[in-house]
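Engineer: Right, I'll just put the structure down here and ask away after.
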Number of protein chains: 2
Amino acid sequence: MSENVRDANMQRINNKQLAEAFIDEQIKQIQKEVGNKKVLLALSGGVDSSVVAALLIKAIGQNLVCIHVNHGLLRKGESEQVIKVFQKELGANLIYVDAVDRFLDALKGVEDPEEKRKIIGKIFIDVFAEEAKKLDGIEFLAQGTIYPDILESKGIKAHHNVGGLPKELNFQLVEPVKLLYKDEVRVVGEALGLPHNMVYRQPFPGPGLGVRCPGAITRERLEVVRESDAILREEFALAKLEGKVWQYFTIVPPFRSTGIKDNKRTFDYMVVIRAVNSIDATSASVEEIPYPLLFKIRDRILKEVPGVNRVLFDISPKPIATIEWE
Amino acid sequence: MSENVRDANMQRINNKQLAEAFIDEQIKQIQKEVGNKKVLLALSGGVDSSVVAALLIKAIGQNLVCIHVNHGLLRKGESEQVIKVFQKELGANLIYVDAVDRFLDALKGVEDPEEKRKIIGKIFIDVFAEEAKKLDGIEFLAQGTIYPDILESKGIKAHHNVGGLPKELNFQLVEPVKLLYKDEVRVVGEALGLPHNMVYRQPFPGPGLGVRCPGAITRERLEVVRESDAILREEFALAKLEGKVWQYFTIVPPFRSTGIKDNKRTFDYMVVIRAVNSIDATSASVEEIPYPLLFKIRDRILKEVPGVNRVLFDISPKPIATIEWE
């Protein structure tokens, strides 16, 4: 597997010039490898798959077929941005699959975190494979594997890209950024002209908002997660914290508490704000959000998100807590 | 009910001299009213009942019988302090009733907050009445009713003292601080020599820690509430916030999340810190605990309280949240 080992002399891609050299080289490499064949890509909208998509569009244009599966657990505006950037602006051959009901129906009443992850992973593979089978003459599968995925898969955990596809879909892999570190992928993404907020998107778990809606997912609570997360991201961007704070999001536990509105008792959900800094996610410290900003976010959530009467700030470091809640 | 109306000319008791004058006057009044008869008092350890106890001990000594019911929902060290101050230091005639199992067994599996309150209230009356019936020749019941209780009972809610006693216990009431405001009760308490932390005790709900262990109370979770609350109070005292911040406590929801310890996954409770400022509890704002102190409290809770892997800070104002969670 020597092709999966990064050359010790390989320069760290940290400027536009190096990024463009990498892009030119990869385009030639992809064209040589793929020729006139078609390539399939699961495009989530994350940095890695987005950069791979942009690279492949430059290299083979319409021969790249992107499948974007909306599993109902994406953040607010995420699917819309994928369609806008890739289909409308870059003219990609993009298949949008609305699988929201299929995922949420299957997840109904499932409380166990591992079970939830398995269901999400399995349905994702099913949906992707069904779409792939509808297509003719696809021989390649592109993946946004990056170098840490390769390093991590030697022991700790399997990397999270599209594994588990049925054997009859016997694709060859195209993994153009597999020797890059995350920061390099971002520099390449900017050089490819992708939007800044897509390139500097925070890490987002595979099961999406599903893990931030702990316990059995309900559409109602999922909507609270999505809307409160959008407010948090908007306010962090306004406060110039986007790209500075490593990861920030909201969680809505399956638990309600009393409140008071117009002199009447309410019994509603609480939104938990999480904001952490980390180098590599193995440990994390809490971002000390200044109180005026914290209260501004709180007030917006309490005012704008229906069904919420309480906001909390998770001040736990990793370890002993984890960054996500399940 | 003119005797329940505060004279418009009555001076606000705000210094030792006025407090001592009040104490002298009340002692004479109580002695005249009660004579050689016995008086019963439910002594919770709160400011109001403690001040009434201290006044009555001065007035009638051993003819005051205090009953302290430990319902298992008291804060750490609270029963111990009541025994130390009243029995050991002031020589009160004190009956300590350990009713922990009776309360916690009755509350087992009860999730509904109203139902929990009813059970706690009912068992309290039962236990108190049972003890009262064992005693001979008691004709009076002392209560820590204060003036806001009287003002509030005209409409909004019945005040929280020992109502609902069986009719055969046909006591006459002794309510020596019923025309005082809370701040005056405190000044009187200090003049009576009660410990500062007892006199400036934060408001504490009747159902005790039971409302801070939302949902069905378990002994395990109750212990997490009690231990984390003790750490919070200790650190607030060290930081000179005791008596400055209106109310501060911890809540432990019936919900667990993942964490990591010694490279192994944990699934444990979270402790929520609540700290608010208020004039009269009808509205409340969040105390902006400085991050270094907040993190110090968090670290102590995570280190010292078993079964906890996460700490949150409740940043909700009242309204739209309530101060307590249920």
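The values are calculated or read from the model by the stated rules, or taken from the named source; none is laboratory data. Please read these numbers as outputs of a predicted model, since none were measured by experiment. Every residue, glycine as well, gets a Cβ built from its backbone with ideal geometry; the counts of neighbours run over all protein chains shown. The accessibility values were calculated without ligands, DNA or RNA, using every heavy atom of the protein model including side chains. Shrake-Rupley method; radii C 1.70, N 1.55, O 1.52, S 1.80 Å.
Engineer: Filter the trypsin sites (Lys or Arg not before Pro) in segment A:208-300 down to the DSSP loop ones having no more than 10 other Cβ atoms within 10 Å, then list what survives.
Structural biologist: Working: sites: A:Arg212, A:Arg219, A:Arg221, A:Arg226, A:Arg233, A:Lys240, A:Lys244, A:Arg256, A:Lys261, A:Lys264, A:Arg265, A:Arg274, A:Lys296, A:Arg298, A:Arg300; in loops: A:Lys240, A:Lys244.
Here the sparse-neighbourhood loop sites are A:Lys240.
Engineer: To one decimal place, what orientation-averaged projected area in nm² is obtained for the convex hull of the Cα set of chain A? Don't jump to the answer; show the numbers that get you there.
Structural biologist: Numbers: hull surface 71.5 nm².
Orientation-averaged projected area of the Cα hull: 17.9 nm².
Engineer: Direction-averaged shadow area of the convex hull around the Cα atoms of the protein assembly as shown, nm²? Please list the in-between numbers first.
Structural biologist: Working: hull surface 134.0 nm².
Here the figure is 33.5 nm², rounded to one decimal.
Engineer: To continue, here is another question. Are there any residues in segment B:275-298 with a reduction of at least 40 Å² in accessible surface when going from the isolated chain to the assembly of protein chains? Probe 1.4 Å, please list them by number.
Structural biologist: B:Glu288, B:Tyr291, B:Phe295, B:Arg298
Engineer: Hey, another quick one. Which lysines, on any chain, are close to A:Lys296 with Cα under 29 Å apart, when same-chain ones fewer than 8 places away are left out?
Structural biologist: A:Lys76, A:Lys240, A:Lys244, A:Lys261, A:Lys264, A:Lys318, B:Lys240, B:Lys244, B:Lys296, B:Lys318
Engineer: Oh, and also: Ignoring ligands, DNA and RNA, please state the percent of accessible area on the protein assembly as shown from carbon and sulfur, probe 1.4 Å.
Structural biologist: Values: 14880 of 29730 Å².
The value for the protein assembly as shown is 50 percent carbon and sulfur by accessible area.
Engineer: Compute the long axis of helix B:47-60 from its Cα atoms, compare it with the longest principal axis of the Cα atoms of chain B, and write down the angle in degrees, 0 to 90, nearest 10.
Structural biologist: Taking the Cα atoms of chain B, the angle to B:47-60 is about 30 degrees.
Engineer: Moving to a separate point now. So with the 1.4 Å probe, I'd like the accessible area per residue for segment A:171-326, rounded to whole Å².
Structural biologist: On the way: 5880 Å² over 156 residues.
Per-residue accessible area for segment A:171-326 comes out at 38 Å².
Engineer: Please report, for B:Asn277, the nm distances (one decimal) from its label point, 7 Å out from Cα along the beta-carbon direction, to the equivalent points in the remaining copies, shortest first.
Structural biologist: 2.8
Engineer: List every residue whose amide H lies under 5 Å from the amide H of A:Lys261, counting only residues 5 or more places away in sequence or on a different chain, with H placed 1.01 Å from N in the peptide plane.
Structural biologist: Here the answer is A:Thr266, since their amide H atoms fall under 5 Å of that of A:Lys261.
Engineer: Can you list the copy-to-copy distances for B:Glu89, using a point 7 angstrom from Cα toward Cβ, in nanometres, shortest first?
Structural biologist: From this label point to the equivalent ones elsewhere in the assembly: 7.0 nm.
Engineer: Going by alpha carbons, how many degrees (0 to 90, nearest 10) lie between the helix axis of A:16-34 and the longest principal axis of chain A?
Structural biologist: It is inclined by approximately 60 degrees.
Engineer: Points 7 angstrom from Cα along the Cβ direction at B:Phe255 and B:Leu151: gap in nanometres?
Structural biologist: Reported label-point gap for B:Phe255 and B:Leu151 is 3.7 nm.
Engineer: Residues with amide H under 5 Å of B:Gln247's amide H, sequence separation 5 or more or different chain, H placed in the peptide plane at 1.01 Å from N; which?
Structural biologist: B:Val276
Engineer: Mind grabbing the interface size between B and A? I mean buried accessible area, both sides, 1.4 Å probe, in Å² to the nearest hundred. Intermediate results must be reported in sequence, preceding the final value.
Structural biologist: On the way: alone 16610 and 16560 Å², together 29730 Å².
Counting both chains, the buried surface is close to 3400 Å².
Engineer: If every alpha-carbon in segment A:110-247 counts as one equal scatterer, what log10 I(q)/I(0) does Debye give at q = 0.13 1/Å?
Structural biologist: Here the Debye-derived log intensity ratios amount to -0.80.
Engineer: When the label point is put 7 Å from the Cα of A:Ser283 along its Cα-to-beta-carbon vector, which residues of segment B:253-269 have a backbone N closer than 14 Å?
Structural biologist: B:261-263
Engineer: Sticking with this structure for a sec: Which residues' amide hydrogens lie under 5 Å from the amide hydrogen of A:Arg310, considering only partners 5 or more residues apart or on another chain, with H built in the peptide plane?
Structural biologist: A:Val271
Engineer: Further question on the same structure: Copy-to-copy spacing for B:Glu190, label 7 Å out on the Cα-to-C-beta vector, in nm, shortest first?
Structural biologist: Output for B:Glu190: 6.0 nm, nearest copy listed first.
Engineer: Report Rg (one decimal) and Dmax (nearest whole number) for segment A:182-326, counting Cα atoms only, units Å.
Structural biologist: When restricted to the Cα atoms of segment A:182-326, Rg and Dmax are 16.1, 56 Å.
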